[in-house]
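Asks: Encoded as structure tokens, here's the structure I'll be asking about.
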Amino acid sequence: MECRVLSIQSHVVRGYVGNKSATFPLQVLGFEVDSINSVQFSNHTGYAHWKGQVLTAEELNVLYEGIKLNKVNHYDYILTGYSRDTSFLEMVVDIIQELKKANPSLVYVCDPVMGDQGAMYVPENLLPVYKDKVVPLADILTPNQFEAELLTGRKINTEEDAVEVMDLLHKMGPETVVLTSTDLPSKHGDQFLVALGSQRTKKADGTNTNQKICMDIPKVDAVFVGTGDLFAAMLLAWTHHHPKDLKAACEKTVSVMHHVIKRTMTYANEMAGPGNRPSPAQLELRMVQSKADIENPAVVVHAKVLQKSS
């Protein structure tokens, strides 16, 4: 059976961010991807210069209407990332509600991109829209620590706090929550980043089981753009292949990331030359070159099960 994803994200002409980061890896793994580009920029905004256009809520609606008129608005998955405008985000919500009515088993994967390291990089009025309208519709949610804290109003200082925050996010709607990065100390030292995940699944007899996992991910000393978009896309793909095994899905997702980032770093350092810091252009993800790793990732990061309860 063909599996079709509607991905509403940003687009860049040069490089990998948003839909450019998500589409190729999903296609390699056998998914049909229909993309709506929320912005079209020459390149990501970490470069010295960038130009481009922003799609309005009205323009988004026009594109969706065209799909609907042809009766090809049946999707198995929806994937959303960065949005910087409330009216656009509310239009996305309307589209998701309509598509979920048409296909009740549709899975919505939401990366609630709002900020990082204690600072918001979208307007603050997006937070209530995410809280009240977007997150309740999401099936899979991939916030970083700061975004999870914003959504729940709870600070994360310990692993117990993180588990509580994931439970609060479950109560808001999503059955799967992955905190893609946290500031929690890793048992392996400061060269590692801690990520956590939680999945609630209903068993045939109607009871719930809950699997919680923790991963220590090797840190890389560079700023990459588009990695969060790749993470959400790969989590979509690997939870599709391992619907009731968050541990396996996260291990494959994070291992893909590891291989892509490692290959990117090797290339960037070669291009920059000894002693020089690579430029944003040199640090663009080596996506095409990582095709084999995306299709069949050697698992290099293992998840630890924190608890499995019913």
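Asks: Using modelled amide H (1.01 Å from N, peptide plane; none on Pro or chain starts), what sits under 5 Å from the amide H of Val33, excluding residues fewer than 5 places away?
Replies: Here Val5 satisfy the definition.
Asks: To continue, here is another question. Would you calculate the volume per residue, in Å³, of the smallest convex hull containing every Cα atom of the range 248-310?
Replies: Values: hull volume 7.2 nm³, N = 63.
Hull volume normalised by residue count: 114 Å³.
Asks: Using a Förster distance of 51 angstrom, determine the FRET efficiency expected from the C-beta separation of Leu306 and Ser42, and round it to 0.05. Before the final figure, lay out the partial values.
Replies: On the way: r = 43 Å, r/R0 = 0.85.
FRET efficiency, Leu306 to Ser42: 0.70.
Asks: Give me, ordered by chain and number, the residues 5 or more places off Ile78 or on other chains with an amide H under 5 Å from its own placed amide H.
Replies: The list, which skips near neighbours in sequence, is Leu6, Val107, Tyr108, Val109.
Asks: Report Ser38's accessible area, 1.4 Å probe, all protein chains in place, as a number in Å² to the nearest 10.
Replies: 10
Asks: Continuing with this model, one more query. Arranged from highest to lowest average of other beta-carbon atoms within 10 Å per residue, in what order do the peptides 246-252, 68-74 appear?
Replies: Going from most to least packed, we get 246-252, 68-74.
Asks: In whole percent, what relative contact order does the range 1-92 give with Cα contacts below 8 Å and a gap of six or more residues? Can you show the working numbers first?
Replies: On the way: 141 pairs, mean separation 32.8, N = 92.
Relative contact order of the range 1-92: 36 percent.
Asks: Can you give the relative contact order of the range 156-206 as a percent, counting alpha carbon pairs under 8 Å and 6+ residues apart?
Replies: Computed over the range 156-206, the figure is 34 percent.
Asks: Would you please classify the overall shape of the range 101-167 from the alpha carbon gyration tensor, given that a ≥ b ≥ c denote the square roots of the eigenvalues, rounded means a/c under 1.5, and beyond that prolate means a/b larger than b/c while oblate covers the rest? Don't skip to the answer; put the middle values down first.
Replies: Working: a/c = 2.39, a/b = 1.41, b/c = 1.69.
In terms of gyration-tensor shape, oblate.
Asks: Compute, for the range 202-254, the length of the dipole vector about the Cα centre, with Cβ point charges of +1 (Lys, Arg) and -1 (Asp, Glu) only. Units Debye, rounded to 20.
Replies: Values: 7 positive and 6 negative charges, 52 e Å.
That gives the range 202-254 a dipole magnitude of about 240 debye.
Asks: Can you give me the Rg/Rh ratio for the chain, using Cα atoms for both radii and the Kirkwood formula for Rh?
Replies: Working: Rg = 18.7 Å, Rh = 19.8 Å.
Ratio of gyration radius to Kirkwood radius: 0.94.
Asks: Hey, another quick one. What do you get for Rg/Rh over the range 17-85 if you use C-alpha atoms and the Kirkwood form of Rh? Before the final figure, lay out the partial values.
Replies: Details: Rg = 13.8 Å, Rh = 13.8 Å.
Rounded to two decimals, Rg over Rh is 1.00.
Asks: Over the chain, calculate the relative contact order: mean separation of alpha carbon pairs under 8 Å at least 6 apart, over the residue count, as a percent. Can you show the working numbers first?
Replies: Numbers: 579 pairs, mean separation 51.0, N = 310.
Contact order relative to length: 16 percent.
Asks: Next up: Could you sort out which of Lys20/Lys262; Lys219/Lys304; Lys71/Lys100; Lys68/Lys171 sit more than 22 Å apart by Cα distance in this structure? If you can, show how the numbers build up before the last one.
Replies: Numbers: Lys20/Lys262 19 Å; Lys219/Lys304 18 Å; Lys71/Lys100 15 Å; Lys68/Lys171 32 Å.
Flagged as over cut-off: Lys68/Lys171.
Asks: Throw me the Rg/Rh for the range 59-198, computed over C-alpha atoms with Kirkwood Rh, two decimals.
Replies: Values: Rg = 16.3 Å, Rh = 16.0 Å.
Ratio of gyration radius to Kirkwood radius for the range 59-198: 1.02.
Asks: Let me ask you something else. Of Trp50, Trp238, which has the most accessible area and how do the rest follow, probe 1.4 Å? Mind showing how you got there, number by number?
Replies: Details: Trp50 105, Trp238 15 Å².
Sorted by accessible area, descending: Trp50, Trp238.
Asks: Right, another one. Starting from the exponent 0.38 and prefactor 2.2 Å, build the expected Rg for the range 171-265 from its residue count and divide its actual Cα Rg by it.
Replies: Working: Rg = 14.4 Å, N = 95, 2.2 N^0.38 = 12.4 Å.
The value comes to 1.16.
Asks: What Kirkwood hydrodynamic radius do you get for the range 131-203 when you take the inverse of the mean 1/r over all pairs of distinct Cα atoms, in Å? Could you put the intermediate results ahead of the total?
Replies: Details: mean 1/r = 0.0804 Å⁻¹.
That comes to 12.4 Å for the range 131-203.
Asks: For the range 46-136, report the accessible area per residue in Å² (1.4 Å probe, heavy atoms, rounded to an integer).
Replies: With all protein chains present, the range 46-136 gives 53 Å² per residue.
Asks: OK, next. Can you pull the percent of the chain's accessible area that's carbon plus sulfur, 1.4 Å probe, other chains left in place? Mind showing how you got there, number by number?
Replies: Values: 7430 of 14430 Å².
With neighbouring chains kept in place, the figure for the chain is 51 percent.
Asks: If you don't mind, there's one more thing I want to ask. Among bridges DSSP assigns within the chain, what percent are antiparallel (round to 5)? Before the final figure, lay out each step's value.
Replies: Working: 27 of 47 bridges.
Antiparallel bridges make up about 55 percent of those DSSP assigns within the chain.
Asks: Specify, per residue and in Å³, the volume enclosed by the convex hull of the alpha carbon atoms belonging to the range 58-137. List each step's numbers first, then the result.
Replies: Numbers: hull volume 6.9 nm³, N = 80.
With only Cα atoms used, the range 58-137 gives 86 Å³ per residue.
Asks: What 222 nm value per residue comes from the helices of the chain, counting each DSSP H run with n ≥ 4 as -39,500 (n - 2.57) and dividing by all residues, nearest 500 deg cm²/dmol?
Replies: Values: 9 runs with 113 residues, N = 310.
Taking each H run of at least 4 residues, the total per residue is -11500 deg cm²/dmol.
Asks: Among 164-175, 140-151, how do they line up from the highest to the lowest mean number of other beta-carbon atoms within 10 Å?
Replies: Working: 164-175: 18.3, 140-151: 23.7.
Put in order of decreasing packing, that is 140-151, 164-175.
Asks: Can you compute the radius of gyration and Dmax for the range 152-310, using only the Cα atoms, both in Å?
Replies: Rg then Dmax for the range 152-310, in Å: 17.0, 61.
The values are calculated or read from the model by the stated rules, or taken from the named source; none is laboratory data. Remember, it's a predicted structure, so these values are computed and weren't measured experimentally. A quick note on method: Cβ atoms are made from the backbone with ideal geometry, for glycine too, and the neighbour counts reach across all protein chains shown. Ligands, DNA and RNA are excluded from the accessible area calculation, which covers all protein heavy atoms including side chains. Shrake-Rupley method; radii C 1.70, N 1.55, O 1.52, S 1.80 Å.
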